[in-house]
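Input: a single structure, listed below in structure tokens.
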Amino acid sequence: MASAAGTAQQKGFLGWVERTGNRLPDPVFIFFYLIIALVIVSIVCAMTGVSAIHPTAVDEATGQSSIIQAVSLLSAENIQRLWVEMPATFTHFHPLGYVLVVMLGAGVAERSGFFAAGMSKAVKAAPKALLTPVVALVAMLGNHAADAGYVVLIPLAGILFAAAGRHPLAGIAAAFAGVSGGFSANISPGQLDALLFGITEEAVGASMLDPDWTANIAGNWYFISAMTFIFLPIIWFVTDKIIEPRLGPWRGGATAGAADDDGTSPDPSEHEGALASKGLRHAGIAALLVIGLWMLMVFAPGTPLINEAACVAEDGTRIADCSIHTELAPLYSSLVAAFFVLFLATGWAYGRAAGTIENHRDLVNMMAESMKDMGYYLVLAFAAAHFVAMFNWSNLGLISAVHGAGAIESTGLPLPAVIGLMVLFTGLLNLFVGSASAKWALLAPILVPMLMLLGISPEGATAAYRVGDSATNIITPLMVYFPLILVFAQRWQPDFGLGSLTAMMLPYSIWLLIFGTALIVGWFYLGIPLGPDAPVTYVMPEMAAPAGN
């Protein structure tokens, strides 16, 4: 039943997207093909003398601005660098460490049942009148839970809507829109922030525009929090006023489709009951202890997470214009470790109380299993790391950024308009390449330095990318969970096909893209910081003076 409906081909634009996307190779091979193309382009550019003026560096011999020359990737130096530095190129790829550390803890929280129980408890406690916004909010907050948001919350939302006498497909749509359409929205940073800012830091480092810039995974905190509260009423409105009226009244009862038990929907009883409630209480206590520990390391005298010396001059006086964020730099850098400890502690506390973790071996096994799940990401990171590194070796990334920034400046477009166009471009690309990390690894080496030259911060470039990446997730059949959502829907309506799911989610995508674009453009017009010590604008470092001057 599911397979027959699921294989029906769409027509029109979305059908073309599906057919075109299915013909694309795996993202890992996309990177390898791009590397081959990059080698050819680097040879041509080196032979034709392609160059650009470096925006900050000065040639020591002439005292003039340095000239960046394109370098062939088949030069003896670059061939040697490729083979000799291959292990370092891979292991020094910034996103790799960030993501693996966070996922060690998140894997325990997911496998112990903590994430699933928390989401189940939250939506089951919702009053009937507030069922839609509660499902949408929990779905957006659930993006920290990775797979659990899709596998647990979405089918559970269908069951809860049916139990309330509402159409279950509306519940599935609201949850899907929250988990995937609101993929970047949340009230706190998490593993996605670690992943994206790791790639951003790699792009900034490769450009050599600002050697002192380091990633702060809280760099979009204020913005993603605002996205949460902007997207929530949008998903609520679209569900209750557009999607559910189109679906019509539900007359199938609260258990329709349950007899066709193919094992794809979880048993809600696994995530409720006395043991689950006990586990959630213990997890809450663990969370408070971790938060308290980090507060202690910030506010207690002589703590390691405040660099008090950063704002003290050599004569012992405080630097007048020194920001508190400069002193808090160690705190921001510790947030990756903080999320690891938070997820690990809450997952362990829940598991011990609920009986899903019996001893330390269970804990270690869950951490090991989470690393097994990262196997594909490791392969993708290997390819992406070499693409980014080789882009840097050829100098084509910075040359493209300089000329791209000059071309945009010549158009006279205001910076918020540039950001809006970037959002739309990302949303279109998302229809064909579903992986958030793969797309950003492709775009960041050019877009981040180019926008820095235009006065837009790396945090601003990352925020704009996130808006476009989220909005169109829910309408592309190439999204990895799209077929699974289709199976969930077919349990309630057997003739529900790919076109039906896409049509149901399209209003969400349109409205999220419109309001997300308006939010990021308005944010830039107002100049509101995107997070702590994360302005929307960027000022290039002063041009370095040549040695001996």
* Identify the single condition in (1) of a type outside the set (A, V, I, L, M); (2) open to solvent by 30 Å² or more (accessible area, probe 1.4 Å); (3) in contact with a Phe, Trp or Tyr (Cβ under 6 Å, 6 or more places away or on another chain) that N216 does not satisfy, given that it satisfies every other one. => (2)
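Here is a yes/no grid of residues against (1) in contact with a Ser or Thr (Cβ under 9 Å, 6 or more places away or on another chain); (2) free of Cβ contacts under 8 Å to residues at least 24 places away in the same chain:
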| residue | (1), (2) |
| --- | --- |
| Y350 | yes, no |
| N359 | no, yes |
| E369 | no, no |
| H403 | no, no |
* Count - residues of the stretch 474-495 that are touching a residue at least 60 places away in the same chain (Cβ under 8 Å), open to solvent by less than 10 Å² (accessible area, probe 1.4 Å) and not aliphatic (A, V, I, L, M) -> 3
* Pairs, first touching a residue at least 24 places away in the same chain (Cβ under 8 Å) in the stretch 427-439, second of a type in the set (S, T, Y) and surrounded by fewer than 20 Cβ atoms within 10 Å (Cβ to Cβ), C-beta under 7 Å, six or more apart -> F432/T20
* With the condition kept exactly as written, say whether any residue in the stretch 60-75 is under 30 Å from Y538 (Cβ atoms), modelled with pLDDT of 90 or more and part of a helix (DSSP H, G or I). => no
* **Index of the failed condition, L34 passing every other in (1) among the aliphatic types (A, V, I, L, M); (2) touching a helix residue (DSSP H, G or I) at 6+ places or on another chain (Cβ under 8 Å); (3) in a strand (DSSP E or B)** => (3)
* When you scan the stretch 161-190, how many residues do you find that are crowded, with 24+ Cβ neighbours inside 10 Å and not in a loop (DSSP other than H, G, I, E, B)? -> 15
* Asked: Mind checking whether some residue in the stretch 193-209 is open to solvent by less than 10 Å² (accessible area, probe 1.4 Å) and in contact with a strand residue (DSSP E or B) (Cβ under 7 Å, 6 or more places away or on another chain)?
  -> yes
* To do: Being open to solvent by 50 Å² or more (accessible area, probe 1.4 Å) and not in a helix (DSSP H, G or I) is the filter here, so list the residues in the stretch 354-371 that pass it.
  => T356, E358, N359
* Structure fact -> Checked R246, R251 against criteria (open to solvent by 60 Å² or more (accessible area, probe 1.4 Å), outside any helix (DSSP H, G or I), basic (K, R) and modelled with pLDDT under 95); the one match is R251
* Structure fact -> Within the stretch 389-403, the residues that are open to solvent by 20 Å² or more (accessible area, probe 1.4 Å), not aromatic (F, W, Y) and not in a loop (DSSP other than H, G, I, E, B) are N392, S400, V402, H403
* Structure fact -> The correct count of residues that are farther than 30 Å from V151 by Cβ, of a type outside the set (G, A, S) and assigned to a helix (DSSP H, G or I) in the stretch 191-211 is 3
* So S500, is it surrounded by fewer than 20 Cβ atoms within 10 Å (Cβ to Cβ) and of a type outside the set (F, W, Y) -> yes
* To do: State yes or no: is P87 assigned to a helix (DSSP H, G or I) and surrounded by 21 or more Cβ atoms within 10 Å (Cβ to Cβ)?
  => no
* Sort out for me the helices (runs of 4 or more DSSP H) sitting completely within the stretch 418-534 that have 3 or more residues that are under 19 Å from I408 (Cβ atoms). => 436-453, 458-471, 498-526
* Structure fact -> M374 vs (1) at pLDDT below 95; (2) open to solvent by 30 Å² or more (accessible area, probe 1.4 Å): all pass except (2)
* Can you name every residue in the stretch 326-365 that is under 27 Å from G273 (Cα atoms), under 23 Å from the mean Cα position of the chain (by Cα) and not small (G, A, S)? -> V341, L342, F343, L344, T346
* **Which numbered condition A438 misses (of (1) open to solvent by less than 30 Å² (accessible area, probe 1.4 Å); (2) under 27 Å from Q69 (Cα atoms); (3) of a type outside the set (D, E, K, R))** => (2)
* Go through the stretch 37-59 and count every residue that is open to solvent by less than 80 Å² (accessible area, probe 1.4 Å) and not in a helix (DSSP H, G or I). => 10
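Determine if the stretch 142-156 includes at least one residue that is touching a Leu at 6+ places or on another chain (Cβ under 6 Å) and over 17 Å from R491 (Cα atoms).
yes
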* Structure fact -> The condition from (1) surrounded by fewer than 22 Cβ atoms within 10 Å (Cβ to Cβ); (2) more than 20 Å from the chain's Cα centre (by Cα); (3) more than 30 Å from G460 (Cα to Cα) that V151 misses is numbered (2)
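The values are calculated or read from the model by the stated rules, or taken from the named source; none is laboratory data. For clarity, every value in this text was computed on a predicted model and none was experimentally measured. Methodologically, a virtual Cβ is constructed for each residue, glycine included, from the backbone with ideal geometry; neighbour enumeration extends over all protein chains shown. With ligands, DNA and RNA removed, areas are computed over all heavy atoms of the protein, side chains included. Shrake-Rupley method; radii C 1.70, N 1.55, O 1.52, S 1.80 Å.
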